[in-house]
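Written below as structure tokens is the structure these notes are about.
Read-outs throughout are calculated quantities, based only on the coordinates presented, and are distinct from any laboratory measurement. These numbers were taken from a predicted model, which means no experiment stands behind them. Backbone-built Cβ (ideal geometry, glycine too); neighbour counts: all protein chains shown.
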Amino acid sequence: MSALTLKLKATPDQRLDLSALSPAKVSAMSQGDIERLSIGIGRRSVKLGDVFAISGTPGDTLVIEGSTARLDGIGTELDQGTLIVEGDVGAYAARRMKGGRLDIRGAAGAYLASGLRGGIVTAKSAGDLAGAPKVGERFGMLGGVVVISGDVGERAGDRMRRGTIIAKGRFGASAGSRMMGGTLWTEQGFGAGPGPLMRRGTLIGPSVERLLPTFNDAGLHDLNVLRLISRYFAETLGELAPPALPPKVRRISGDLATIGKGEILLTA
């Protein structure tokens with residue numbers, strides 16, 4: 001396995017856009033061309049070689065060392081290979097990603113996995129609006145799997161249509177807002193008011209801080225599909241998979257302020 005390593009020389013004095021970086025894109029470039037890639041988003045022009053020491057051989061893996069929350073757009077439109085980030089990242093990581101794997105070994109900023117279509121994304125924590133669309137877009141996350149080892153901020157899964165976001169910690173307030181499909185799964189629980197204007201989709205977790213009045217308790221259910229979901233993620237994610245779901249869950253339906261075909265499945 002060949003890998004190219006980018007090591008941050010010092011904390012940048014402005015936000016930088018790394019959306020042009022992926023293993024496949026840089027593997028077809030010379031080191032000189034890689035160093036000349038424009039990554040500045042302010043008035044001052046910044047080239048990749050100005051802020052990163054570049055070593056290794058381009059291939060199917062790209063490693064970013066010393067990353068900070070000032071680096072935006074990491075993993076944008078990634079479609080193959082592996083991108084490993086040692087540190088935090090800024091906004092819009094994994095934006096419109098199609099495949100491959102993005103491992104963020106720190107915290108992710110707002111709009112993680114916005115427009116995600118495929119692949120696997122991991123991070124220690126995520127900011128607000130994970131899986132949500134940019135302003136003016138119709139849909140948020142459209143596929144793929146995101147695994148967060150800690151907590152996720154508010155309004156995760158906004159306008160989400162497909163895919164799964166798994167949090168080993170908690171989701172913040174209003175998770176699943178305007179959701180149209182897909183799954184949010186937490187091991188620790190949801191914050192206040194999950195699912196506002198939720199049309200379809202599934203929220204899974206042991207507890208909810210406060211339900212909206214437009215959700216209705218539909219009683220206990222033994223759902224065979226949950227066994228299939230647990231088995232699928234155990235096979236797909238291995239040690240990253242959450243514990244298997246229990247045989248019975250309490251189903252809360254809503255949001256009845258809209259078509260009400262969404263659901264919250266309480267596992268405890």
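Sequence-distant contacts, meaning Cα pairs under 8 Å at least 6 residues apart, place the relative contact order of the stretch 108-223 at 17 percent.
Evaluated over the Cα positions of the stretch 17-99, the convex hull gives a direction-averaged projected area, one quarter of its surface, of 5.0 nm².
Annotation: the antiparallel percentage among DSSP beta bridges lying fully within the chain is about 25. Compared with the dominant principal axis of the Cα atoms in the chain, helix 224-237 is inclined by about 20°. Over the stretch 3-201, Cα pairs under 8 Å with separation of 6+ residues give a relative contact order of 12 percent. Of the residues 118, 176, 37, the one whose Cα sits farthest toward the positive end of the charge dipole of the stretch 3-201, with +1 on the Cβ of Lys and Arg and -1 on the Cβ of Asp and Glu, is 176. Using a cut-off of 22 Å between Cα atoms, the listed pairs 25/124; 7/124; 25/98 include 25/124 as exceeding that distance. Contact order, relative form, for the stretch 13-123: 22 percent (alpha carbon pairs under 8 Å, 6 or more residues apart, mean separation divided by residue count). Calculation over all alpha carbon pairs of the stretch 99-147 in 5 angstrom steps from 0 returns a P(r) of 7, 23, 31, 25, 12, 3, 0 percent.
Any lysines with Cα under 25 Å of the residue 248 Cα? List them, leaving off those in the same chain fewer than 8 positions away. Hits, sequence-local ones excluded: 168, 261. This model, with +1 at the C-beta of Lys and Arg and -1 at the C-beta of Asp and Glu, gives the stretch 3-201 a dipole about its Cα centre of some 640 debye. Counting only residues at least eight positions apart within a chain, or on another chain, the lysines with an alpha carbon under 17 Å from that of residue 9 are 47.
Considering the stretch 3-201 at the alpha-carbon level, its Rg and Dmax are found to be 16.5, 51 Å.
Alpha-carbon geometry of the stretch 157-268: the Rg and the Dmax are 12.8, 38 Å, given in that order.
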